[in-house]
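Okay, here's the structure, questions in a sec.
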Amino acid sequence: MNLDSLKADLRRRALAARQSAHDAAPDAGEQLVEHFPFELLAPGAVVSGYWPLPGEIDPRPLMAELAARGARLVLPVIVAPGEPLIFREWRPGEPLQRRVFGLMEPAESAPELVPDILLVPLLAIDSDGNRLGFGKGYYDRTLAGLRAAGTPLAIGLAYEAQVVAAGPVDEFDQPLDWLVTTQRAILSG
């Protein structure tokens, strides 16, 4: 089986596992707050969260706690297919706009900031931080560019059921530095 087929097969299985975990514990995002390594948060850090799609673990309780601890929050914005994401500032309670893929994004007038920490959604992840997403490459391109310019920290957020023994990896895949699940936080690698 080639790499694309392996990834497609894992995506199907991971979507089912994620949905099952979500159905069993739709409020599991609260558990992320319990396990998040807050010692990684520098004063005034810019943290990129995300607005959850159906079935994704909800990072909003964690984002609210990060904001309460002094973080500046941003949300990812898709500029164009094949391009890296940009990040616009957002504060809990501010309105968002539904955009491409049904994503909720801040207004175009919101300031663009570069994140120090990225909270990254995923379908599956292994203990080495190899993340499997939907296959469009937005986070991989974005992380590659940010890492070339500095050292952002990429933290995957997931249900424990999304952790796999080993994920298929290609040369463009960007590993995550940490994983925070409903049960633990682990340093990747």
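Kindly indicate whether Gly70 is within 26 Å of Leu153 (Cα to Cα) and either in contact with a His (Cβ under 6 Å, 6 or more places away or on another chain) or at pLDDT 95 or above (or both). Full working, then the answer.
Working: within 26 Å of Leu153 (Cα to Cα): yes; either in contact with a His (Cβ under 6 Å, 6 or more places away or on another chain) or at pLDDT 95 or above (or both): yes.
Yes, satisfied.
Filter the range 34-45 for residues that are open to solvent by less than 40 Å² (accessible area, probe 1.4 Å), touching a residue at least 60 places away in the same chain (Cβ under 8 Å) and more than 20 Å from Ala124 (Cα to Cα) and give the result.
Pro37, Leu41, Ala45
Please work out which one of (1) of a type in the set (A, V, I, L, M); (2) touching a Leu at 6+ places or on another chain (Cβ under 7 Å); (3) open to solvent by less than 20 Å² (accessible area, probe 1.4 Å); (4) more than 22 Å from Val79 (Cβ to Cβ) is the condition Leu153 fails and give its number.
For Leu153, the failing item is (3).
Looking at Ala107, is it loosely packed, with under 15 Cβ neighbours inside 10 Å, more than 17 Å from the chain's Cα centre (by Cα), hydrophobic (A, V, I, L, M, F, W, C) and under 23 Å from Ala149 (Cα atoms)?
When the stated conditions are applied, Ala107 does not pass them.
Hey, among the residues in the range 5-57 that are charged (D, E, K, R) and within 15 Å of the chain's Cα centre (by Cα), which one's farthest from Gly137 (Cα to Cα)?
The first filter runs over the range 5-57 and keeps only residues charged (D, E, K, R), leaving 7, 9, 11-13, 18, 23, 27, 30, 34, 39, 56.
Cutting the leftovers down to within 15 Å of the chain's Cα centre (by Cα) gives us 18, 56.
Values: Arg18: 20, Glu56: 18 Å.
Once the filter is applied, the top-ranked residue is Arg18.
To keep it simple, each residue is scored yes or no on (1) outside any loop (DSSP other than H, G, I, E, B); (2) out of contact with any His (no Cβ under 6 Å at 6 or more places or on another chain); (3) exposed (fewer than 12 other Cβ atoms within 10 Å of the Cβ); (4) of a type in the set (A, V, I, L, M, F, W, C).
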{"site": "Leu6", "(1), (2), (3), (4)": "yes, yes, no, yes"}
{"site": "Asp9", "(1), (2), (3), (4)": "yes, yes, no, no"}
{"site": "Arg12", "(1), (2), (3), (4)": "yes, yes, yes, no"}
{"site": "Leu15", "(1), (2), (3), (4)": "yes, yes, no, yes"}
{"site": "Gln19", "(1), (2), (3), (4)": "yes, yes, no, no"}
{"site": "Asp23", "(1), (2), (3), (4)": "yes, yes, yes, no"}
{"site": "Asp27", "(1), (2), (3), (4)": "no, yes, yes, no"}
{"site": "Leu32", "(1), (2), (3), (4)": "yes, yes, no, yes"}
{"site": "Val47", "(1), (2), (3), (4)": "yes, yes, no, yes"}
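Considering each residue of the range 73-103, count those that are crowded, with 18+ Cβ neighbours inside 10 Å and part of a strand (DSSP E or B), and give that number.
The qualifying residues number 7.
Kindly indicate the residue of the range 130-189 that is touching a helix residue (DSSP H, G or I) at 6+ places or on another chain (Cβ under 8 Å) and among the hydroxyl-bearing types (Ser, Thr, Tyr) and also farthest from Leu40 (Cα to Cα) among those meeting that condition.
Tyr159
The values are calculated or read from the model by the stated rules, or taken from the named source; none is laboratory data. Quick caveat, the model's predicted, so the values are computed rather than measured. Cβ atoms come from the backbone with ideal geometry, glycine included; neighbour counts cover every protein chain shown. Only protein heavy atoms, including side chains, enter the accessible area calculation; ligands, DNA and RNA are left aside. Shrake-Rupley method; radii C 1.70, N 1.55, O 1.52, S 1.80 Å.
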